[in-house]
Amino acid sequence: MVRKWKVYYYSESENEESEIETFINSKDDRNQAKILAWIEKLEELGSNLPEPYADILT
């Protein structure tokens, strides 16, 4: 079994939605799915994330 990396969404407090969650939630369903697919790739590959994925996330 391959271990996944953990992706954290930073926020100022635990009761507050993070800026990335606000951004994702502001998008339509299609674009939310695309964003979450990129985040899933990051969780799977971590620092081994190849181009073109790494270019977009940096």
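Put simply, of 14, 19, 51 the only residue that is among the charged types (D, E, K, R) and surrounded by 11 or more Cβ atoms within 10 Å (Cβ to Cβ) is 19.
Restricting attention to region 22-43, the residues being among the hydroxyl-bearing types (Ser, Thr, Tyr) and surrounded by fewer than 10 Cβ atoms within 10 Å (Cβ to Cβ) number 1. Looking at (1) surrounded by 10 or more Cβ atoms within 10 Å (Cβ to Cβ); (2) among the hydrophobic types (A, V, I, L, M, F, W, C); (3) modelled with pLDDT under 95, which one does residue 2 not meet, given that it meets all the others? If we test residue 2 against (1) surrounded by 10 or more Cβ atoms within 10 Å (Cβ to Cβ); (2) among the hydrophobic types (A, V, I, L, M, F, W, C); (3) modelled with pLDDT under 95, just (1) comes out false.
Scan region 12-35 and give yes if some residue there is at pLDDT below 90 and either in contact with a strand residue (DSSP E or B) (Cβ under 6 Å, 6 or more places away or on another chain) or of a type in the set (S, T, N, Q) (or both), otherwise no. So far as region 12-35 goes, yes, one or more of its residues are at pLDDT below 90 and either in contact with a strand residue (DSSP E or B) (Cβ under 6 Å, 6 or more places away or on another chain) or of a type in the set (S, T, N, Q) (or both).
The values are calculated or read from the model by the stated rules, or taken from the named source; none is laboratory data. Keep in mind it's a predicted model, so treat the numbers as computed, not measured. Don't worry about glycine lacking a Cβ; one is built from the backbone with ideal geometry, like all the others, and counts go over all protein chains shown.
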